[in-house]
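Encoded as structure tokens, the structure appears first; notes follow it.
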Amino acid sequence: MKQRRAFLKDSLLGGIAFIAASCGWTSTSAEKSQEESNLKGNKPIVISTWNHGEIANKVSWQILEKGGTALDAVEQGVRLVESDPTGSSVGIGGLPDRDGIVTLDASIMNHKNECGAVAFLQNIEHPITVARKVMEETPHVFLAGEGAYKFALEQGLKDTNLLTEESKKAWEKWLEEAKYKPIINIENHDTIGSLALDQHGNLAGACTTSGLAYKMHGRVGDSPIIGAGLFVDNEVGAACATGLGEAIIRIAGSNIVVEMMRNGMSPQKACEAACQRVIEKHQNVSGLQVAFIALNKKGQYGSCSIHPGFNLAIHTPKQNGIETAKHQFI
Ligand code: SD4
């Protein structure tokens with residue numbers, strides 16, 4: 001967490017980030033800059049969740065600006081975060097489940113409504129690439145557990161220990177009390193979700209996570225579930241989610257955002273509406289964080305979380321930095 005804070009601070013000092021907190025329904029400078037750039041639309045564009053979205057976007061942008069595909073851009077961008085041992089919610093260094101085992105969920109979707117996903121995958125550094133291989137090399141959409149692992153090896157991915165010393169120590173400390181209580185905006189919510197629109201006008205999305213820290217062994221979240229953690233419809237737009245997966249699955253969150261956009265909402269309003277739906281469907285959201293990011297066919301984007309503290313990274317021809325999302329519940 002310290003490292004993420006330090007990263008954010010460095011980004012600010014380096015002048016590459018612009019952060020403006022937005023609160024409730026008032027219009028802030030972040031919203032105004034979003035509205036202005038959204039008026040024109042953006043192409044190409046990549047947007048990604050959380051601070052580590054910025055390093056993912058950097059890789060994606062190198063692909064997009066050369067005319068590469070949105071699909072390659074999102075896959076390659078999130079792979080970098082999967083390999084980063086300091087990220088405690090994705091790939092290597094991801095915090096384990098309550099049995100001390102790191103299990104991974106990921107999904108990917110292209111502009112042809114083709115998609116691939118893996119869940120409960122162990123010992124593979126790049127679940128997003130396995131998800132892509134499921135999409136491209138099998139007649140299926142979703143592989144889980146041992147079958148997904150075997151398939152990954154067959155596809156040339158290597159068995160890799162994902163539990164770092166730091167994550168192991170954190171888990172051992174957690175075991176002392178073994179209380180499962182997700183903490184908003186801290187250790188439990190750092191899934192990387194990435195959405196891109198390429199120069200050819202095609203959308204794609206990727207989402208990858210080690211899920212909630214200290215979850216029950218076998219638990220699968222929203223991230224690999226098409227329509228919950230991720231959804232792309234090339235005629236309309238794309239959305240992905242982060243936060244408490246159970247709440248996102250209950251409302252088919254990313255699908256809702258895309259359907260709202262289909263019905264004419266801006267990406268911003270669609271993310272707000274999806275957060276509102278989570279709030280309406282849960283009696284008490286005081287301990288529940290969920291956030292959405294969305295991108296439409298014109299390259300307009302939006303984001304919203306239930307509680308403060310969610311941010312996203314945006315890279316367009318004119319803009320490169322981090323924004324704090326609007327939140328809906330205080
Ligand atoms: C999950 N949605 O497994 C994921 C967790 C997450 O940022 O988003 N972390 O429920």
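Points worth noting:
- Of all residues in region 194-217 being more than 8 Å from the ligand (Cβ to nearest atom), part of a strand (DSSP E or B) and of a type outside the set (A, V, I, L, M), the one that is farthest from Glu65 (Cα to Cα): Thr208
- Among the numbered conditions (1) crowded, with 20+ Cβ neighbours inside 10 Å; (2) without any contact (Cβ under 8 Å) to a residue 60 or more places away in the chain, the only one that Lys269 does not meet is (1).
- The residues of region 150-178 that are at pLDDT 95 or above and closer than 14 Å to Gly91 by Cα, listed by number, are Leu157, Lys158, Asp159.
- The strands (runs of 3 or more DSSP E) found entirely in region 252-330 that carry 1 or more residues being under 19 Å from Leu203 (Cβ atoms) are 290-296, 301-305, 311-315.
- Among the residues of region 222-259, those that are open to solvent by 20 Å² or more (accessible area, probe 1.4 Å) and within 11 Å of the ligand (Cβ to nearest atom) comprise Ile225, Leu244, Glu246, Ile249.
- Among the residues of region 218-251, the ones that are among the acidic types (Asp, Glu) and either assigned to a strand (DSSP E or B) or in contact with a helix residue (DSSP H, G or I) (Cβ under 6 Å, 6 or more places away or on another chain) (or both) come to 2 in all.
- Residue, modelled with the highest pLDDT, within region 71-99, restricted to residues that are within 14 Å of Gly53 (Cβ to Cβ) and in a loop (DSSP other than H, G, I, E, B): Asp84
The values are calculated or read from the model by the stated rules, or taken from the named source; none is laboratory data. Just so it is clear, the structure is predicted and the values come from calculations on it, not from any experiment. Don't worry about glycine lacking a Cβ; one is built from the backbone with ideal geometry, like all the others, and counts go over all protein chains shown. Accessible surface is based on the protein model in full, side chains and every heavy atom, while ligands, DNA and RNA are left aside. Shrake-Rupley method; radii C 1.70, N 1.55, O 1.52, S 1.80 Å.
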